[in-house]
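> If you scroll down you'll find the structure; I have some questions about it.
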Amino acid sequence: VGGKNASIGEMFQELVPIGIKVPDGFAITSEAYWYLLEQGGAKQKIIELLENVDATEIDVLKIRSKQIRELIFGTPFPSDLRDEIFQAYEILSQQYHMKEADVAVRSSATAEDLPDASFAGQQDTYLNIKGKTELIHYIKSCLASLFTDRAISYRASRGFDHLKVALSVGVQKMVRADKGSAGVMFSIDTETGFKDAVF
């Protein structure tokens, strides 16, 4: 499910039982990402489009990355995968007593925040998504963002095989800004390595 989704799941499991509210949601796994690409025949085409691409040739990179994103958009969701996503969305909506919950569609790469590379912010996230049609559209947008020219260039500069990095998509209930908060918390002092502090 990628680093971000794993962390959110861990927070939910650990904090909700002690009374801290964490918005619920579900994840489309990286296995589902590969399933989509393989069932639709897109994986082989992506391999061909990335073959011999020099990330320093900006014009070629822009063309190829756009072709890959269009390919992903044009790949239909396998009906069994789409049905599972819709079922999970219906359950989430019912949980919040809504016909169609407003959600965040969040990227979670399988190679985020490694010691020598940070993929955080490389892929796209979408807010206030509502309804099944929008949900599927923005899940695809999220998956396609794995192949922006910026993301391809970053992976190439770090020596990552483009087809060894996958994307999971988190779908999480939106929280009203006047009723909640968000931020980043560090459980270690990043300057000194002191572990008994929270920032």
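> Can residue 46 be described as within 18 Å of residue 161 (Cβ to Cβ), of a type in the set (A, V, I, L, M, F, W, C) and buried (at least 17 other Cβ atoms within 10 Å of the Cβ)?
Answer is yes for this residue.
> From the list 135, 163, 127, 146, which one is modelled with pLDDT of 90 or more, under 19 Å from residue 69 (Cβ atoms) and more than 9 Å from the chain's Cα centre (by Cα)?
None of the other options fit; the residue is 135.
> Any residue at all in region 7-29 that is closer than 18 Å to residue 162 by Cβ, crowded, with 19+ Cβ neighbours inside 10 Å and within 17 Å of the chain's Cα centre (by Cα)?
no
> Report yes if residue 102 is over 18 Å from residue 167 (Cβ atoms) and modelled with pLDDT under 90, otherwise no.
no
> Go through (1) in contact (Cβ under 8 Å) with a residue 24 or more places away in the chain; (2) within 18 Å of residue 144 (Cα to Cα) and name the single condition residue 21 misses.
It fails just one condition, (2).
> Here is a further query. Could you list all residues from region 151-199 that are of a type in the set (S, T, N, Q), assigned to a helix (DSSP H, G or I) and closer than 21 Å to residue 29 by Cα?
none
> Oh, and also: Is it the case that residue 140 is under 19 Å from the mean Cα position of the chain (by Cα), among the charged types (D, E, K, R) and under 30 Å from residue 44 (Cβ atoms)?
Yes.
> Among the candidates 53, 60, 1, 103, single out the residue that is crowded, with 16+ Cβ neighbours inside 10 Å and more than 23 Å from residue 127 (Cα to Cα).
Being crowded, with 16+ Cβ neighbours inside 10 Å and more than 23 Å from residue 127 (Cα to Cα) holds for just one of 53, 60, 1, 103, which is 53.
Here is a yes/no grid of residues against (1) basic (Lys, Arg); (2) farther than 23 Å from residue 157 by Cβ; (3) in contact (Cβ under 8 Å) with a residue 24 or more places away in the chain:
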position: 29; (1), (2), (3): no, yes, yes
position: 34; (1), (2), (3): no, yes, yes
position: 38; (1), (2), (3): no, yes, no
position: 50; (1), (2), (3): no, no, yes
position: 55; (1), (2), (3): no, no, yes
position: 60; (1), (2), (3): no, no, no
position: 75; (1), (2), (3): no, yes, yes
position: 78; (1), (2), (3): no, yes, yes
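The values are calculated or read from the model by the stated rules, or taken from the named source; none is laboratory data. This one's a predicted model, so the numbers in the text were calculated from it and none came from an experiment. Cβ atoms come from the backbone with ideal geometry, glycine included; neighbour counts cover every protein chain shown.
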